[in-house]
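Step one of this worksheet: look at the structure below.
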Amino acid sequence: MYRALLHLSSIQSKERLLPLDAVLRISRLDMTHVSPRAQGTGTKAAAALMLLLSIGIVSLRAQSARESGQITTEDLEPRIIAAAGTTLVGLAGYVDKFSSSEDSFPTAYTLHADVTRFLTDRFAVRGGLAGTGTFGGDDTDEPTGIGAPALHATAGALFYFSPHTMLSLYSGVDYWAQLTQRADSDAGSVVGTLGVQGAMSSRASIYLEGGYGLGLSTGEDDETLRRFVGRIGVRLKF
């Protein structure tokens, strides 16, 4: 007949939970004074007990390994929009140029760049450049003033409703100032913004936003100028 002894040990700390250590020790007992029938029954019972102990050891070690892995992965950066002190940077652009032996064409470009800084968990300030324009080439008459293709500078403030999640609505207000092709009387415009931003990873997120506002100057016939803007893009978190 055999005797089975099971020894379990585990070491824990605040930082890690180490896997469970299990040792099964089996020794043979002296059964010379026991009848053969009793020896057979005892041997079967010992074999069944050893099988149950083996299954239990495997299950305990697997559970311990899973728990240890869960704790070590908690140090990974969470997939959220932002938190206080986070900086988001978005950048995109496009350049187009034609040339020939007879004419010199202007270079067309489209630029979008913004930097957002979270002052608290929900409030953020941002600034950037957005728009399109041309430079170089032969002198041509290009439209100027409000509504002309131009590069704009923006600055404003935003409020994020749930920045600690993977998807958050946000709203705010921006001031837009035309930098190129600007008329002398143009004082810029104030635009209210509503958007949604979703985290694709711990560093990158995609956003879609629209805005509606009013010009701070009037048109040629003293009419009120209204403005609509829409943007979609990707922001990186630093």
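The values are calculated or read from the model by the stated rules, or taken from the named source; none is laboratory data. Predicted, not measured: the structure shown is a model, and the values here were computed from it. Heads up, the Cβs are rebuilt from the backbone with ideal geometry, glycines too, and the neighbour counts pull from every protein chain shown. Surface accessibility is based on the protein's heavy atoms, side chains included, excluding ligands, DNA and RNA. Shrake-Rupley method; radii C 1.70, N 1.55, O 1.52, S 1.80 Å.
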remark   = Residue pairs qualifying under the 6 Å Cβ cut-off, at least six apart or on distinct chains, with the first in segment 224-238 being more than 9 Å from Gly90 (Cβ to Cβ) and the second being surrounded by 11 or more Cβ atoms within 10 Å (Cβ to Cβ) and among the small types (Gly, Ala, Ser), are Leu225/Gly215; Leu225/Gly219; Arg227/Ser189; Arg227/Gly213; Val229/Gly211; Gly230/Gly210
remark   = Of (1) open to solvent by 60 Å² or more (accessible area, probe 1.4 Å); (2) under 21 Å from His112 (Cα atoms), Leu151 fails just (1)
note = Among Glu102, Glu142, the single one that is closer than 23 Å to Arg182 by Cα, out of contact with any Asp or Glu (no Cβ under 6 Å at 6 or more places or on another chain) and not aliphatic (A, V, I, L, M) is Glu142
request  = Name the residue, out of Thr120, Thr132, that is assigned to a strand (DSSP E or B) and of a type in the set (Ser, Thr, Tyr).
outcome  = Thr132
query = How many residues, within segment 135-174, are touching a Gly at 6+ places or on another chain (Cβ under 6 Å), in a loop (DSSP other than H, G, I, E, B) and among the aromatic types (Phe, Trp, Tyr)?
reply = 0
Positions within segment 90-106 being exposed (fewer than 15 other Cβ atoms within 10 Å of the Cβ) and of a type outside the set (D, E, K, R), in sequence order = Ala92, Gly93, Tyr94, Val95, Phe98, Ser99, Ser100, Ser101, Ser104
task = Return only the number of the condition from (1) surrounded by fewer than 18 Cβ atoms within 10 Å (Cβ to Cβ); (2) touching a residue at least 40 places away in the same chain (Cβ under 8 Å) that Thr144 does not satisfy.
result = (2)
key: Residues that are in contact with a Pro (Cβ under 9 Å, 6 or more places away or on another chain) and surrounded by 15 or more Cβ atoms within 10 Å (Cβ to Cβ), drawn from segment 130-141   = Gly131, Thr132, Gly133, Thr134, Gly137
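Here's the yes/no breakdown for (1) under 27 Å from Arg235 (Cβ atoms); (2) hydroxyl-bearing (Ser, Thr, Tyr); (3) touching a Lys or Arg at 6+ places or on another chain (Cβ under 6 Å):
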residue	(1), (2), (3)
Tyr109	yes, yes, no
Arg117	yes, no, no
Val125	yes, no, yes
Leu129	yes, no, no
Gly133	yes, no, no
Ala150	yes, no, no
Phe161	yes, no, no
Leu169	yes, no, no
ask   = Does segment 157-169 contain at least one residue that is closer than 15 Å to Arg231 by Cβ, surrounded by 14 or more Cβ atoms within 10 Å (Cβ to Cβ), within 23 Å of the chain's Cα centre (by Cα) and among the small types (Gly, Ala, Ser)?
value = no
message = Could you go through segment 218-226 and let me know if any residue there is at pLDDT 90 or above, farther than 25 Å from Ile81 by Cβ and not aliphatic (A, V, I, L, M).
response = yes
message = Could you check segment 170-199 and list, in sequence order, the residues that are modelled with pLDDT of 95 or more, open to solvent by 30 Å² or more (accessible area, probe 1.4 Å) and within 16 Å of Leu129 (Cα to Cα)?
response = Val173, Tyr175, Val190
remark   = Flagged in segment 107-129 as of a type in the set (A, V, I, L, M) and surrounded by 18 or more Cβ atoms within 10 Å (Cβ to Cβ), in numbering order, are Ala124
